[in-house]
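What follows is a short report on a single structure.
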Amino acid sequence: MDVGAGSGSVAVECARLGAAVVAVEKAPDGVERIHANARAHGVDVRVVHGSAPDVLGELDDPDAVFIGGGAELPAVVGACARRARRTVVVAMAALDRVPAARAALTSAGFTCDGVLLQSSRLAPLPGDVTRLAATNPVFLLWGVRTPRLVKELHSDRPHFRHRGGAAARDRLAAAWPDRARVYDGLVGEAVRAAFAECEQLVCFLATGATVRLLAPLLGDKAADPGVVCVDEGGRFAVSLVGGHGGGANELAREVGALLGPNRS
């Protein structure tokens, strides 16, 4: 998602690389420029006319967001950070806006970093000499969300609870203290919440039950989280959803290796 897209330069370049892109722009002439640039480069960009952060509530949660500045920058960064699955990048010309943007990213659970970009152009001087004329610097701030896993999904209904799940959960927790998150409560509510909030899930449930719970939630294989299902005996970790794009194949191998020999 490109927020404050302007001419659509970032949106068009991302689309040229194969991404599904939404460009948000409040100026009517900016909307027309984005459409024109997308047509000129032969790419598909969905253009949304509206002001952030208000218009963002009407859109799906993005995988990554680029924010091109603006007067409402802290509010826009906060709104995007709460919903972005992986990354938020913010471009700013004003130094005073950097602390608020950084705070919005870190408070949403992102690991934050940044850089100052500056370039100079050749400019002629009297006497047939040339100097370097500096252009305005730009601050780039980016946040990357730390992957979180669902280690176990509990239920008040016994046929959804695995006796071996608690032990396996504890082993995963010891191995991945900064990577995992546990969802308690009714299994249906837990799966829906985890599917919306996490990049990968490990479910200690029967495969059939997991499939029925996931089916209404599935959208786009490029955006859905990876899901691994572990049987009651902890013998098999099965990549169920998002084997490649969601990283479930690799996650299943990791879980299998942690649970012990012949468990993958």
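Just so you know, all these numbers are worked out from the coordinates, no wet-lab data involved. These numbers were taken from a predicted model, which means no experiment stands behind them. Cβ coordinates were reconstructed from backbone atoms using ideal geometry, including for glycine residues, and neighbour counts include every protein chain displayed.
So here's what we get for this one:
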| read-out | value |
| --- | --- |
| Length-normalised contact order for region 1-87 - Cα pairs under 8 Å, 6+ apart - percent | 32 percent |
| Whether region 174-264 is rounded, prolate or oblate, judged on the alpha carbon gyration tensor where a/c under 1.5 counts as rounded | rounded |
| P(r) tail fraction, region 1-155 - alpha-carbon pairs more than 28 Å apart, % | 30 percent |
| Highest average packing first - 31-42, 187-198, Cβ atoms within 10 Å | 187-198, 31-42 |
| Residues with amide H under 5 Å from that of residue 180, placed H, sequence gap 5 or more | 149 |
| Packing rank of 129-141, 215-227, where each peptide gets the mean count of other beta carbons within 10 Å, highest leading | 215-227, 129-141 |
| Separation between Cα centres of region 78-127 and region 31-58, rounded to whole Å | 22 Å |
| Bridge type composition, the chain - antiparallel percent by DSSP, nearest 5 | 50 percent |
| Proximal charge balance of residue 18 [Cβ under 13 Å; K/R count +1, D/E count -1] | -2 |
| Mean residue ellipticity (222 nm) of the chain, computed from DSSP H runs ≥ 4 via -39,500 (n - 2.57), nearest 500 | -9500 deg cm²/dmol |
| Nonlocal amide H pairs with residue 228, under 5 Å, H built at 1.01 Å | 201, 202, 203, 240 |
| Normalised contact order of region 69-134, rounded percent, pairs of Cα under 8 Å and 6 or more residues apart | 25 percent |
| Length-normalised contact order of the chain in % [C-alpha pairs under 8 Å, at least 6 apart] | 11 percent |
| Two-site label geometry, residue 217 and residue 133: point separation in nm, points 7 Å out along Cα→Cβ | 5.6 nm |
| For region 235-259 and region 170-194, distance of Cα centres in Å | 15 Å |
| Cα long-axis angle, helix 28-40 against the chain (0 to 90 degrees, to the nearest 10) | 80 degrees |
| Computed E for residue 206/residue 39 - FRET, C-beta separation, R0 45 angstrom, nearest 0.05 | 0.35 |
| Over the chain, volume per residue of the alpha carbon convex hull, in Å³ | 169 Å³ |
